[in-house]
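Taking it in order: structure first as structure tokens, then the write-up.
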Amino acid sequence: MAQPFRLSRGGRIDRSRPIVFEFNGKPIHGYQGDTVASALIANGIHHVGRSFKYHRPRGILSHGPDEPSALLSVDRGPGRVDPNNRASVVEARSGLRTHSQNHWPSLEYDIGAVNDLLSPVFVAGFYYKTFMWPRKFWDKVYEPFIRAAAGLGKAPTQADPDRYANRHAHCDVLIVGAGPAGLAAALAAAKTGKRVILADEGPEPGGSLLHDPNAEIDGRPAASWLEETLADLDGRENVILLSRTTAFGYYNHNHVALAERVTDHLPTASGQAPRERLWQVRAGEVVLAGGAHERPLVFADNDRPGILLAESVRVFLNRYGVAPGRTLVFATSGASAYTAALEAKQAGLAVTIVDLRLEADCGPEVARLRQAGCEVLTGHTVVGSKGRKRVTGLIVAPVGSDGRCGGRRVLPCDAVGMSGGWTPAVHLFSQSRGKLRYDDRLDAFVPNISAQSERSAGASKGTYDLADCLAEGFAAGAAAAGSDERRTFSATPTLTGFQPVRVMPTDDDPKKVRAFIDFQNDVTAKDIKLAVREGFQSIEHVKRYTTTGMATDQGKTSNMNALGIVAGQLDKPLPAVGTTTFRPPYTPVTFGALVGPARHALFDPIRTTPIHGWAQSHGATFENVALWRRAWYFPKPGEDLHAAVARECKAVREHVGIFDASTLGKIEVVGPDAAEFMNRMYVNPWAKLANGRCRYGLMLKEDGYILDDGVVARVSDTCFHVTTTTGGAARVLAHMEDYLQTEWPDLQVFLTSTTEQWAVIALQGPKARQVIEPLVEGIDLSPQAFPHMAMRTGTICGVPTRLFRVSFTGELGFEINVPTDHALAVWEAIFAAGQPHGITPYGTETMHVLRAEKGYIIVGQETDGTVTPDDVGLAGMIAKTKTDFVGKRSLARPDVIATTGRKQLIGLITEDPKTVLDEGAQIVADPNQPIPMRMLGHVTSSYWSPNCNRSIALALVADGRSLMGRTLHITTPDGFTRATVSEPVFFDTTGERVNA
Amino acid sequence: MLLIACPHCGNRPETEFRCGGQAHIARPEAPSAQSDEAWAEYLFVRKNPRGVHAERWCHVHGCGRWFNALRDTVSDRFIEIYPMGAQPISELQSEARA
Amino acid sequence: MRRFSLTSLLSESMRGHTGWGRQWRAPEPKPRYDVVIVGGGGHGLATAYYLATVHGITNVAVLEKGWIGGGNTGRNTTIIRSNYLYDESAGLYEHALKLWEGLSQELNYNVMFSQRGVLMLAHNIHDVQSFKRHVYANRLNGIDNEWLSKEECKEFCPPLDIGGGLRYPVLGGALQRRAGTARHDAVAWGYARGADARGVDIIQNCEVTGIRRDASGKAVGVETSRGFIGAGRIGVVAAGHTSTVMSMAGVSMPLESYPLQALVSEPVKPVFPCVVMSNAVHAYISQSDKGELVIGAGTDQYTSYSQQGGLHITTHTLDAICELFPQFTRMRMLRSWGGIVDVTPDRSPIIGKTPVQNLFVNCGWGTGGFKATPGSGHVFAHTLATGEPHTINAPFTLDRFRTGRLIDEAAAAAVAH
């Protein structure tokens, strides 16, 4: 269990619980509480990856979510493999298999490293300048090559066995970040009794307190304060404390999205628990206490494995009990690194400090380190580093206030902690559309004007001193909870303050120096300067041209350095260059968490009718129609679609068929002004429709195009039973409500959707009357008493019914509306009663064929949102006497009343009766004309008609009604076929059968 | 996702609502008397302001009622919710430009 | 203009790339231009480029209130295709696609136009009918588009799940092989560099605050944050902000501006070989050269200039992506953003004259403007140069909303039963 860099004591790891996982096939030993990064470092491993472009060896830079370099593929078992995990946040556990990425054949020997030699060519934006000749080479050669080189890790290839959950929550105060400021905010808010959610991205709350062993708060060790605080919060029912939960998006109206990682850290994929959970929190007030990110220093070869952020060194030492090296150099331009250095020294490591600041600009920290026995080189710059797969030395030189470098010196080391100052994490604040302000003193953008109900506290606001963070957090939490309570805390002073530096001064040829800004995307200071030179001066342009800040860490460590260099290059103050806008997510979020359970059957609701089970047990094949599952056809053994539909079609015309029409939309239009309302909504006249009679209704949008259609029955003077298409039900109701509520609120009408209340059994065919006669009571079914297009109320099988005598097949038919709960029983009774008559269940496909034989349109098939009533031959439906209805005025627009050129509904009779045209096929007059051809229209419906014993088709054709008898040419998959224009009705052209 | 204060039901998430676009476009009394230009204007031309916008919302997955709202299209903040047929009290001044 | 080539790149690499100059200048605005273009997105810059190269009009300014290409040009999912249904749209987008095919060479700027094929999935019988209608219409218009069975879809796009477990199983698809993607920023930069080299002034951080009209009512110039600039003709190409700009000339537009969101995943090695679009479930996906999965979402339902939409729009899109490509659930969303798209009532653009003399407009591209960039610029340049529309943009008038001669691609593809 050799962990040569594990300190003998300290840290929050559980040394009684050893773990072992794999890195590139080798076992890595660590302890419960380690991250993959801390365990690797404990084993002396820093080199864990290759960079994006130059394939340079890269190590672990950070301890947190800002890590740009240490990206690993993590394998948690079959189907549980995913790339680009930050080693610094993946909790180590036994059984994990981790792999480095972006190299071939191996991490140690990577052919791609040749790119590093070509780096003088591969500068920012080089690909815009080349790869253009010969033209054909882009798709075939250059692009595949670029793509293969790009892309870091490998995407998962198997379906994911894990599940994901979603949760919506409300609270009075949401606090993001459980560091000192967030905890103090939670204490203050919780006391008021308001509902509080405190979310922290780490596995345990505490933030910086977790790696600050020497700090004291209110006279006791910070660790004790933390324990007490957590116990206090834990004991309150009004507080939800979420660990491993990243607030990643701040949306409108205090809608904040959080991703909770539930099981990845557990040793076994645990039964029913989701892998991750998306929290969508609607918060009354938000407190942002997400801390700050440390900036790297920009110097030549600042990217060698073993070079870390100074605060990260501190975290590895104190939180994980791991030494990043034995001989450490801290390079800094500020005070905070001295704390890390002192603690490293106390841990028994050799420590040297290089500080860019002149001695006079430094504080008492210098003396303290010297007292502790460390060499402190103030007024020194870093001009380079030694080593390749691990840093072996830091090259430093004295530098004066004029920027001139003195004699170089190599400081041998095996790890470096660097600090270029701090950047408050204003990501969520910026996402909330709050306005930032540049603070000169802090050399950082800080929250200024809030756009939503939120406030920031602590380091995310640029407040770095512990006592100040606590007080500020407390005040923010109290204020968010509507309290004006304030309190002060006493705490160990924090070393703060730094001298902003963009690129460390050097005496090297700036053309040769490669000092990295964006470690993951391999963007150097040189690249930024090149972009500016080429005219990319907006920071957004620089980002896009160089790709700086666009890697998986989204520039958390690099943005301020890049911005500073651009400002320097343009000789403008930094705020004049602006900052980039922060967009969600704060850190990458698993698609699965965002999707939750919304897959397959839960992707969209599935609506089924009360007959669904019956249809299933009778072998139906189903189709999706809007949200509904509808029986498509009922194949008998050995039948395909065509055979089944042919049989069903014959059965309806010769005997009787039964069809589930329950999905039809139904709206009850009730009230003294119902008829007037109907008059305004439909093209048809309604005033004189007698009670108990039906009419085919046609509804337009205000633009004059057909919106929907359906049979409407007048139930009484003040009540209409309206039906709509299956897919149009919600649309039609919304359309009606809109006009009723907003245009004609004076009308006394009530609209009620009854789609779910009425099931509809369509019984169609010459035997239909005979089948239901024995079952119906209270209705005279004789043709004289109950003609076509009438509606009667009575009972069927003892169940109340609105019985419609209507037909969408052209046969004698009934649509039997019964309460949904009784529908199956009625259906079964009818089916039994129909047996002697050869009753046949049929599905939507047969319904389509039968109506096409009659030339009845289907809205959405014959119409497409650009079709008027006249186009489909239904101008006769329009009431002549009405001065107005929705859509009427638009029918009078110049291009709508055009006498020529409108596409009109016609029938097509193919020359070969066996040829069934493709629906969607285009129609031309002359197939030999040059391309582009003049298209006359298209085939809207086309079927094999068993009853006509030939193919039939409906089409919309320009001036079609004037082309009767003409031969037109219709596209087929490999050419054209010929057909003759006919009336759009193919069966029972006189319409006798429906009146039987 | 917006949070919308339905005048009948209180605060509800946007997914319960349908936005009906610009408010206060009255359907002409006698459409047939409208010129083509005027009718096209009624059908299609919209203010689309960058700033405070009077628009219609319907709580379709709630009470089903339409209502009006003033919302700033730059900040997406609701300024006033008021009934169909009424006029807003607030001034149509953009917050964003203030 | 310093030519870009492998040779020039290599020679510059010898001297630390110090020899590259600005790709476009940062000039002070002149008092007057023959043509002023309001809006420095792809369409505006392309318009300036073609004014200079095709029509020899170089006394042109492009005014951009922010940084060029910072609007929808730099925020879209870069899908390029031309398989539109109606002759008018097919003509316009095919014109653009033909220009795309030689654009890198024309501009001497690698815009990385990648003809990886765009596959549009059909999920119900209505889709099948609609797509076949497109396929046939495209064939007769000389535009490649072919119908694929679901097995052929799988072969073309191996990550696709064509199983029956999907809520809306894949029934087939329409594939345009010449379609694909391009590097959006490079399009703006390439046109800017090309236009600038021919004398066009590209003026960033210059917001138009007014349109000045003379006594006769004709437009004579623009008020800007950098002073008045006179103009012979003005072309407004301001996308989501068109209504605002046009209102400065007293012109109301049939436009509404909606947030449109998009997102990318973390970069991964090549895993997705083409572009897949599914209108029925609202998913649009491809993989960029950098390795990110680029995913388009739908618009929010309300108008907004915030460039920010609701999370539910994003999650709904990812629902669809993971429904079609279940192995992607463990991928991670890296970045999401919003644009402001200007939508006309028939979802087709308006390119041409306005009621104000000398004022022209090019807008209403909705969610699909990027693909048209070269074609749009080309025909709008013609319109600005001659005062009359090119035959290709002649149908796309503002007047069609009066006459009813709409070009409603969206309605033609609408799902209804």
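Every number here is computed from the coordinates shown, using simple stated rules; none is lab data. Since this is a predicted model, take the numbers as computed values, not measurements. Backbone-built Cβ (ideal geometry, glycine too); neighbour counts: all protein chains shown.
The alpha carbons of segment A:660-839 occupy a box of 54, 30, 27 Å along the principal axes, longest dimension given first.
Which net charge results for the neighbourhood of B:Asn48, defined as the other residues with beta-carbon distances under 14 angstrom from its beta-carbon, given Lys and Arg at +1 and Asp and Glu at -1?
On the way: positive: B:Arg46, B:Lys47, B:Arg50, B:Arg71; negative: B:Glu41, B:Glu55, B:Asp72, C:Glu256, C:Asp342.
Net of charged neighbours comes to -1.
Axis angle, to the nearest 10 degrees, between helix A:559-570 and the longest C-alpha principal axis of chain A: 80 degrees.
Sparsely packed loop sites in segment A:219-289 (the chymotrypsin sites (Phe, Trp or Tyr not before Pro) outside DSSP H, G, I, E and B with at most 16 other Cβ atoms within 10 Å) do not occur. A simple rule links phi to the HN-Hα coupling: the Karplus curve 6.51 cos²θ - 1.76 cosθ + 1.60 with θ = phi - 60°, which for segment A:776-783 gives 8, 10, x, 9, 7, 8, 4, x Hz, with x for Gly and Pro. Amide H contacts under 5 Å for A:Phe622: A:Trp632, restricted to partners 5 or more places along the chain or on a different chain, H placed in the peptide plane at 1.01 Å from N. Over segment C:1-89, the alpha carbon radius of gyration divided by the compact-protein estimate 2.2 N^0.38 Å works out to 1.43. Across peptide A:450-461, the average count of Cβ atoms from other chains found within 10 Å of a residue's Cβ is 1. Once C-alpha pairs closer than 8 Å and six or more residues apart are averaged by separation and normalised to the residue number of chain A, the relative contact order reads 9 percent.
Each Lys or Arg adds one and each Asp or Glu subtracts one; over the other residues with Cβ under 12 Å from the Cβ of A:Ala223, this totals -2. In percent, rounded to a whole number, the relative contact order of chain C is 22, using alpha-carbon pairs under 8 Å and six or more apart. Our note on the geometry: Cα centres of segment A:615-684 and segment A:731-792, 14 Å apart.
Per-residue 3J(HN,Hα) values for segment A:453-469, derived from phi via the Karplus relation 6.51 cos²θ - 1.76 cosθ + 1.60 with θ = phi - 60°, read 7, 8, 8, 9, 8, x, 5, 5, 10, x, 9, 10, 6, 4, 4, 5, 4 Hz in sequence order (x marks Gly and Pro). Computed over segment C:331-417, the convex hull of the alpha-carbon atoms projects to a mean area of 8.7 nm².
Cα convex hull of segment A:518-654: how many Å³ per residue?
On the way: hull volume 30.7 nm³, N = 137.
It is 224 Å³ per residue.
In percent, rounded to a whole number, the relative contact order of segment A:917-974 is 40, using alpha-carbon pairs under 8 Å and six or more apart. Which of these, C:Ser257, C:Ser348, C:Ser247, has the largest mean-square fluctuation under a Gaussian network model of chain C (Cα springs below 10 Å)? In the Gaussian network model the winner is C:Ser247. Using the average count of surrounding beta-carbon atoms within 10 Å as a protection proxy, the listed peptides A:499-508, A:962-971, A:540-549, C:328-337 rank, highest first, as A:540-549, C:328-337, A:499-508, A:962-971. Under a model in which nothing but the beta-carbon of Lys, Arg (+1) and Asp, Glu (-1) is charged, segment A:296-420 shows a dipole of about 460 debye around its Cα centre.
So which of A:Lys389/C:Lys269; C:Lys132/C:Lys269; C:Lys132/C:Lys290; A:Lys53/A:Lys512; A:Lys556/C:Lys290 end up more than 27 Å apart, counting from Cα to Cα? Spell out each step's value before the answer.
On the way: A:Lys389/C:Lys269 24 Å; C:Lys132/C:Lys269 34 Å; C:Lys132/C:Lys290 34 Å; A:Lys53/A:Lys512 17 Å; A:Lys556/C:Lys290 20 Å.
Among A:Lys389/C:Lys269; C:Lys132/C:Lys269; C:Lys132/C:Lys290; A:Lys53/A:Lys512; A:Lys556/C:Lys290, the Cα-Cα distance tops 27 Å for C:Lys132/C:Lys269; C:Lys132/C:Lys290.
Against the longest principal axis of chain C, how steep is helix C:42-53, in degrees 0 to 90 to the nearest 10, with axes from Cα atoms? Helix C:42-53 sits roughly 50 degrees off the main axis of chain C.
Averaged over A:491-498, how many beta carbons belonging to a partner chain fall within 10 Å of each residue's beta carbon? Walk me through the intermediate numbers first.
On the way: counts 0, 0, 0, 0, 0, 0, 0, 0.
Mean shielding by partner chains, rounded to a whole number: 0.
For the peptides B:8-15, A:652-659, residues were scored by their other Cβ atoms within 10 Å and the scores averaged per peptide; the highest-first order is A:652-659, B:8-15.
Magnitude of the charge dipole for segment A:738-851, about its Cα centre and with charges confined to Cβ atoms of Lys, Arg (+1) and Asp, Glu (-1), is about 460 debye.
Which value, in debye to the nearest 20, describes the size of the charge dipole of segment C:84-151 about its Cα centre when Lys and Arg Cβ atoms bear +1, Asp and Glu Cβ atoms bear -1, and nothing else is charged?
Working: 6 positive and 9 negative charges, 38 e Å.
In total the dipole reaches around 180 debye.
The residue among A:Thr967, A:Ala273, C:Phe325 whose Cα reaches farthest toward the positive pole of the charge dipole of the protein assembly as shown, with charges on the beta-carbon of Lys, Arg, Asp and Glu, is C:Phe325. Think of chain C as a dipole: +1 on every Lys or Arg Cβ, -1 on every Asp or Glu Cβ, centred on the Cα centre; then among C:Leu6, C:Pro389, C:Leu166, C:Leu6 lies furthest on the positive end. Couplings 3J(HN,Hα) for segment A:584-601, derived from phi with the Karplus relation 6.51 cos²θ - 1.76 cosθ + 1.60 (θ = phi - 60°), are x, x, 4, 10, x, 10, 4, 3, x, 5, 6, 7, x, x, 6, 10, 6, 5 Hz, where x marks Gly and Pro. Here segment C:392-409 and segment A:949-996 have alpha carbon centers that stand 30 Å from each other. Centre-to-centre separation between the Cα atoms of segment A:395-445 and those of segment A:157-217: 28 Å. Less than 5 angstrom separates the built amide H of C:Ser304 from those of C:Ser257, C:Tyr258, all sequence-distant by 5 or more or on a different chain.
Secondary-structure-derived ellipticity at 222 nm for the protein assembly as shown, considering helices only, amounts to -6000 deg cm²/dmol, per-run term -39500 (n - 2.57) for DSSP H runs with n ≥ 4. Peptide packing: for C:188-199, A:690-701, the average count of neighbouring Cβ atoms within 10 Å per residue gives the ranking C:188-199, A:690-701, highest mean first.
Summarising the label geometry, the points placed 7 Å from Cα in the beta-carbon direction at A:Glu359 and A:Tyr109 lie 5.2 nm from one another. For segment A:898-995, the Kirkwood radius over C-alpha pairs fed into Stokes-Einstein at 37 °C and 0.692 mPa s yields D = 239 µm² per second. With the Cα gyration tensor of segment A:133-193 giving a ≥ b ≥ c as the square roots of its eigenvalues, does the rule (a/c under 1.5 for rounded; else a/b larger than b/c for prolate; else oblate) give rounded, prolate or oblate? Note, shape of segment A:133-193 comes out prolate. With kT/(6 pi eta Rh) evaluated at 37 °C and eta = 0.692 mPa s, and Rh the Kirkwood radius from Cα pairs, segment A:501-589 diffuses with a coefficient of 249 µm²/s according to Stokes-Einstein. Note on segment A:316-467: the alpha carbon radius of gyration divided by the globular reference 2.2 N^0.38 Å gives 1.22.
Residues whose amide H comes within less than 5 Å of that of C:Arg213, counting only those at least five positions distant or on another chain, are C:Val220 (H built at 1.01 Å from N in the peptide plane). Pairs exceeding 29 Å between alpha-carbon atoms, taken from A:Lys154/A:Lys529; A:Lys435/C:Lys30; A:Lys129/A:Lys529: A:Lys154/A:Lys529; A:Lys435/C:Lys30.
Taking the protein assembly as shown on its own, what percent of its Cα-Cα pair distances exceed 50 Å?
On the way: 443317 of 1140805 pairs.
Roughly 39 percent, rounded to a whole number.
Using the Cβ atoms and a cut-off under 13 Å, what net charge is assigned to the surroundings of C:Arg193, where Lys and Arg are +1 and Asp and Glu are -1? Net charge around C:Arg193: +2. Name the residue farthest towards the positive end of the dipole of chain A from the options A:Gly920, A:Leu850, A:Phe808, assuming +1 on Cβ of Lys and Arg, -1 on Cβ of Asp and Glu, about the Cα centre. Of the options given, the answer is A:Gly920.
Could you tell me how many cubic angstrom of Cα convex hull volume chain C has per residue?
Residue-normalised Cα hull volume stands at 144 Å³.
Here r is the Cβ-Cβ distance between A:Gln748 and A:Lys512 and R0 is 60 Å; the resulting FRET efficiency, rounded to 0.05, is 0.10.
Counting, for every residue in A:141-152, the Cβ atoms of other protein chains within 10 Å of its Cβ and taking the mean gives 5.
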